[in-house]
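The block underneath contains the structure these notes are about, expressed in structure tokens.
The values are calculated or read from the model by the stated rules, or taken from the named source; none is laboratory data. The structure displayed is predicted, hence computed values, not measured ones. Note that we place each Cβ from the backbone using ideal geometry, even for glycine, and neighbour counts take in every protein chain shown. Please note that ligands, DNA and RNA were not included when accessible areas were found on the heavy atoms of the full protein model with its side chains. Shrake-Rupley method; radii C 1.70, N 1.55, O 1.52, S 1.80 Å.
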Amino acid sequence: MTLHAQTSPPPGLQLRGRSFMALVVTPEVPLAAWFADLDAQLRNAAGLFADRPVVVDLSRTAGEGREAVLILLDGLETRGLRIVGLEGADPSLLAGAHWERLPTQLHGRDVAEVRSPAPKPAPEASRLIDGPVRSGQSVVFETGDITVIGAVASGAEVIAGGSIHVYGALRGRAIAGVRLGAAARIFCGRMEAEMVGIERLYRTAENWGASLHGRPVQIRSDRGALRLSALD
Amino acid sequence: MSKVMVVTSGKGGVGKTTSTAALGAALAQAGQNVVLVDFDVGLRNLDLILGAERRVVFDLVNVVQGDAKLPQALIRDKRVESLYLLPASQTRDKDALTPEGVEGVIAELRERFDWIVCDSPAGIEKGATLAMRFADVAVVVANPEVSSVRDADRIIGMLDSKTLRAERGEPLEKHLLITRHDPARVARGEMMKVEDVLEILAIPLLGVVAESPDVLTASNLGCPVTLHNPASPAARAYLLAARKLLGEDAPVEQPVLKRGLMSRLFGRKAAA
């Protein structure tokens with residue numbers, strides 16, 4: 001039993017190793033232009049430096065003198081970068097400044113260049129169908145308007161979050177306002193539709209008069225009812 | 001440069017097989033090397049229309065599955081030397097065809113022929129999609145009536161999305177062939193006008209073939225109408241269509257209503 005007691009590890013300090021990825025930034029002169037680029041980058045991708053340790057490579061800026069380096073480091077800190085180390089500069093350069101205690105001999109190896117995420121493309125506001133919509137095809141675009149340059153065939157359907165514009169003949173179905181609601185409208189160059197709808201209201205072909213057949217028509221939702229009116 | 005041409009329609013009974021035989025024979029008569037491939041596995045007809053039904057030994061399914069070599073399955077026409085048939089199997093179903101197998105057969109046919117004319121089955125399922133899959137040119141056959149036109153529109157939509165060319169963003173030549181056109185019924189308003197069909201389908205017109213006993217007779221005799229009675233109006237329409245397919249600037253002749261003295265007097269339908 002005594003032997004066992006001797007081999008168990010003594011209680012005390014527990015240390016574990018862990019590796020993180022730090023971002024290494026290399027400021028360049030002129031500093032004003034470099035900071036302008038950095039600010040632009042931060043506007044596009046605010047999370048780029050969030051919770052990331054940052055190492056500043058001073059190799060290209062140390063030559064500018066102590067004052068410039070201090071301004072540079074303060075500038076980075078005020079932009080929220082968490083500086084954990086420095087490299088590329090003689091430690092004596094920062095003697096006396098509070099940056100002096102930062103390690104200057106960190107070990108690590110470079111990994112692939114970190115690309116800042118590309119700015120997100122603006123969401124598609126409308127969809128253009130540059131031709132006819134054939135029977136059996138279904139065009140669904142829930143976030144905006146749909147414009148069809150050709151005809152919408154019998155047995156085809158077009159469903160839009162906003163309004164629908166059909167420059168040819170509308171022979172199939174058109175449902176508008178899935179997202180926009182009652183404010184959406186349907187326009188067609190020639191009215192031969194099987195069914196039209198806005199939001200939750202719909203009408204089939206037998207419910208509107210033959211007088212509109214073949215004419216350019218607009219369909220809108222007015223106080224809880226669909227109104228079809230000729231545009232010519 | 002070989003061309004793969006699919007003859008398709010969506011709807012059944014509009015004249016796909018008759019048109020495949022007539023167009024294929026017309027292209028062969030113009031000196032092209034032509035093979036007609038019947039994709040209607042389980043309901044084959046092309047062999048009958050070509051009068052080759054008693055010469056079928058191996059078929060498309062045998063070749064696709066590797067049970068027979070392509071030359072064993074090809075049947076050479078006895079009237080036009082450069083016309084061949086690759087028949088479909090009557091005893092199997094369309095699941096026996098695979099895209100890879102069909103691609104292999106088409107590639108092999110491309111080496112030997114100028115025109116590979118694929119007779120599509122009706123419908124929009126596997127058989128029809130496989131028949132159009134590798135096409136460079138499509139002939140959409142439609143009758144001048146609403147159901148046929150709507151189905152043709154559906155098929156054009158599939159040609160624009162399901163074919164290899166469409167998936168690669170390459171252009172696919174599409175032509176409209178109107179068959180079983182009856183000028184007398186059009187005049188009475190019982191049948192759609194050619195312009196109305198064109199307006200809906202919006203693809204170039206290859207030809208208008210009138211409903212005629214010549215076509216039926218030719219089919220029953222197992223001889224494409226362009227071979228059986230080249231002077232008939234229907235055969236003329238197919239021969240002109242074949243010239244257009246070959247890139248010539250041939251006209252499209254529309255069937256006209258012939259009215260005799262009696263019908264002019266009494267307004268009755270005359271034999272067209």
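Tabulated results
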item	result
Residues located in the stretch B:131-149, provided they are surrounded by fewer than 24 Cβ atoms within 10 Å (Cβ to Cβ), more than 28 Å from B:T98 (Cα to Cα) and either away from chain A (no Cβ under 14 Å) or of a type in the set (K, R) (or both)	B:P144
Any pair with Cβ under 7 angstrom, 6 or more apart, that starts in the stretch A:219-232 at a residue that is without any contact (Cβ under 8 Å) to a residue 60 or more places away in the chain and ends at one that is of a type in the set (F, W, Y) and open to solvent by 30 Å² or more (accessible area, probe 1.4 Å)	A:L228/A:W208
Residue count for the stretch A:169-204, restricted to those that are in a strand (DSSP E or B) and either open to solvent by 20 Å² or more (accessible area, probe 1.4 Å) or away from chain B (no Cβ under 14 Å) (or both)	19
Matching residues in the stretch B:43-88 - criterion: being open to solvent by 50 Å² or more (accessible area, probe 1.4 Å) and assigned to a strand (DSSP E or B)	B:R76
Counted residues, the stretch A:125-150 - those being within 14 Å of another protein chain (Cβ to nearest Cβ) and assigned to a loop (DSSP other than H, G, I, E, B)	9
Output for the stretch A:151-163, where each listed residue is open to solvent by less than 10 Å² (accessible area, probe 1.4 Å), away from chain B (no Cβ under 14 Å) and without any contact (Cβ under 8 Å) to a residue 24 or more places away in the chain	A:G161
Filtered residues of the stretch B:173-209 (kept if away from chain A (no Cβ under 14 Å), over 15 Å from the mean Cα position of the chain (by Cα) and small (G, A, S))	B:A184, B:A187, B:G189
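So that you can scan it fast, the table gives a plain yes or no per residue for (1) within 19 Å of the chain's Cα centre (by Cα); (2) within 14 Å of another protein chain (Cβ to nearest Cβ); (3) closer than 18 Å to B:L176 by Cα; (4) part of a loop (DSSP other than H, G, I, E, B):
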position: B:Q90; (1), (2), (3), (4): no, no, no, yes
position: B:E103; (1), (2), (3), (4): no, no, no, no
position: B:A107; (1), (2), (3), (4): no, no, no, no
position: B:G123; (1), (2), (3), (4): yes, yes, yes, yes
